[in-house]
Amino acid sequence: MLKKSQLARTAKKTNRTITFWLLVGSLSVFFPLYMTIMIAFKDPSQMSNSIAGILAFPKSWSFDNFQQAMAITDFWHTLSNSILITGATMIVAVIFHSLIGYAIGRSMQKRGYRLLYLYIISGMFVPFAIIMMPIVKQTAMLGIDNRFGVVLLYSIFYLPMNLMLYTGYLKNIPLSLEEAAAIDGASTFKTFWSVIFPLMKPMHATVAVLTALGTWNDVMLPLVLLSGTGQNTLPIAQLNFQSQFGTNYNLAFASYLLALIPMLIIYIIGQKQIIKGVVNGAIK
Amino acid sequence: MKDKLNSNRSRTFLAITIPIVILFFVFNTMAVIQGFGYSLTNFKGFGGYDFVGLRNYIDLFSDERIINSYIFTFGFAIICTILVNIISLVLALGLSSKIRAQGALRAIYFLPNILGGLVIGYVFNFFFTYILPGIGEAINSGALSNSLLASPKTAWFALVITVAWQAVALNTLIYISGLQTVPEDVYEAGAIDGAVGFKKFKNITFPLIMPFFTINMVLCMKNFLMVFDQVVSLTGGGPARSTESISFLIYSGGLSGGAFGYQSANAVIFFVVIVTISIFQLRFLNSKEEQL
């Protein structure tokens, strides 16, 4: 049997080795980003054929590639499209998905609602590939093959997951709170807004993070709905850019870096909330 | 009084539920039904079309390109799932032990998860085309000095690395939260009984985090079977169509290849496959959990 002090000593010993190896391993995370930055700041003449030349620091840090890439991808317009679509979907998800989560979650004693719940949840198994082609036809027919349509469809595709998260969370909120509000004469809507919605705050964070990550980086839906409309999201702009200028690597990497930067900034600011939100969502 | 309140309440609930369910039905369920409808026609994506019955389905099973894409996608998903889960478990064990800068290290390892798969695919494309062969030449390794992406035999592995690089982030995080549920005194009791090192992991840790293993297996399989973004940017399905995933084939064949009806049939089969696997996995892994 080991003594406590011995246990503590072995723990301290492994501690440094593991830290060291984890630091070494983290290079695999940084390397692709390092490579992207180095290439983005060089001009083609500095890209000698050796990898040492490619990975070395640029002789002068020039923003020319970025300026050019911004002009070609219509960066600010594309960025605002991405923000608009992601932001709108997030707001819709938090407001409407929590609302229907409340309505269904509080009606689970009824068989109809239980079936409805299972029906919507089963939507999680529908791969986008199967509805992709009918969706293209439907949205074209309804004239919503535009940014509004994208937000609407995201709101529908994320409904199953968010409904599950909200109804699951609702189980922890006691009914008595609403009953008190109802007896005071508040309508069901008012009870929801003033009592339940604020109590759901931790779940709002999870839903917002998961929905935002999914929509911001999504390629398929904007690809099939927005191509040819002149309204690109950041990933789609990279796709178009690549097919035209993909061989000018310096320009291309400046453009990739521009596409990655908004998310990197948000992650640096809010990594704790993001990690917490993702964990909450995955484990529920 | 209470009855009136209740009926008011259920009316409001109904008023909320009905419009949202209708929207869900139109853009999800009806789309699935429509997809099934198209799969019974020879629709090209434009113009007129005829009803062809089950011919698309019969053709699917003798189409080499389709069969190859299923073999590729499944092989890719299985290998990637195993690789990602092993790496994630090791990382999670490391990140859960008493280390310095734990929060910062966890944040670093999670970073790849928030980046877009498409752009990461482009970045890795450059890495596999220029950097890795460059390293191979420098160390005189014949196998490495050719680009992995150039040969149909190795391109799939480049895709595995690229997808795994991102997927490990989320899986690690899930395993870490699993490890947090294991109380410290269980280990202490185990240490007294001589359970240390790998024995400790096998007999104590792993059985206790089994539910998290289940989540990760199901998440991985589902996501990897649907792989799309990285295929577009890393390999474009090539070389020689060796890395065409099912989603990629449905997209490229159906929307730009003029085989809308035919690929709809493919999509229906794919849907059935995904549902079957998800249910099977959940059942199988749940039964394992109960035994432990």
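Across all directions, the average projected area of the convex hull around the alpha carbons of the stretch A:81-237 is 10.1 nm².
Please compute the Kirkwood hydrodynamic radius of the stretch B:78-182 from all pairs of different C-alpha atoms, in Å with one decimal.
For the stretch B:78-182, the Kirkwood estimate is 15.2 Å.
The charge dipole of the stretch B:63-258, taken about its Cα centre with unit charges on the Cβ of Lys, Arg, Asp and Glu (plus for the first two, minus for the last two), comes to roughly 160 debye.
Per residue, how big is the convex hull of the protein assembly as shown when only Cα atoms are used? Give it in Å³.
Taking the convex hull of the Cα positions in the protein assembly as shown, it is 190 Å³ per residue.
Dipole check for the protein assembly as shown: with +1 at the C-beta of Lys and Arg, -1 at the C-beta of Asp and Glu, and the Cα centre as origin, the magnitude is about 1660 Debye. Look at the stretch A:270-279: the mean tally of other chain Cβ atoms within 10 Å of its residues' Cβ atoms is 4.
Ordering A:Asn280, A:Tyr249, A:Tyr117 by the projection of their Cα atoms onto the charge dipole of chain A, which places +1 on the Cβ of Lys and Arg and -1 on the Cβ of Asp and Glu, puts A:Asn280 at the extreme positive end.
How big is the dipole moment of the stretch A:81-237 about its Cα centre under a simple scheme where the beta carbon of each Lys and Arg is +1, that of each Asp and Glu is -1, and everything else is neutral? Debye, nearest 20, please.
280
Under a 5 Å amide H cut-off, with hydrogens placed 1.01 Å from N, B:Thr41 pairs with B:Val52 among residues at least 5 apart or on other chains.
FRET efficiency for the A:Gln244 to A:Phe148 pair, using the beta carbon distance and R₀ = 22 Å, is estimated at 0.20.
Interface size, chains A and B: roughly 7700 Å² of accessible area buried, both sides included, 1.4 Å probe, rounded to the nearest 100. Principal axis extents of the C-alpha atoms in chain B (largest first, rounded to whole Å): 83, 74, 34. One chain, two ends: B:Leu14 and B:Glu137. Fully extended at 0.36 nm per residue, the span grows by 37.5 nm beyond their Cα-Cα distance.
Using a Gaussian network model of chain B in which every pair of alpha carbons under 10 angstrom is joined by a spring, one finds that among B:Thr162, B:Thr205, B:Thr12 the greatest mean-square fluctuation is at B:Thr12. In terms of overall dimensions, chain A has a Cα radius of gyration and Dmax of 24.6, 77 angstrom. Angle, helix A:147-157 long axis vs. longest principal axis of chain A, Cα atoms, 0 to 90°, nearest 10? Approximately 60 degrees, to the nearest 10. Extending 7 Å from Cα along the Cβ direction at B:Val275 and again at A:Ser122 yields two label points whose distance is 0.6 nm.
Computed over every Cα-Cα pair of the stretch B:162-292 and binned at 10 Å starting from 0, the pair-distance distribution P(r) comes out as 11, 28, 27, 18, 11, 4, 1 percent.
The values are calculated or read from the model by the stated rules, or taken from the named source; none is laboratory data. As the structure is a computational prediction, the values presented were derived from the model and not from experiment. Cβ: placed from backbone, ideal geometry, glycine included. Neighbour counts: every protein chain shown. Calculation scope for accessible area: heavy atoms of the full protein, side chains included, ligands and nucleic acids excluded. Shrake-Rupley method; radii C 1.70, N 1.55, O 1.52, S 1.80 Å.
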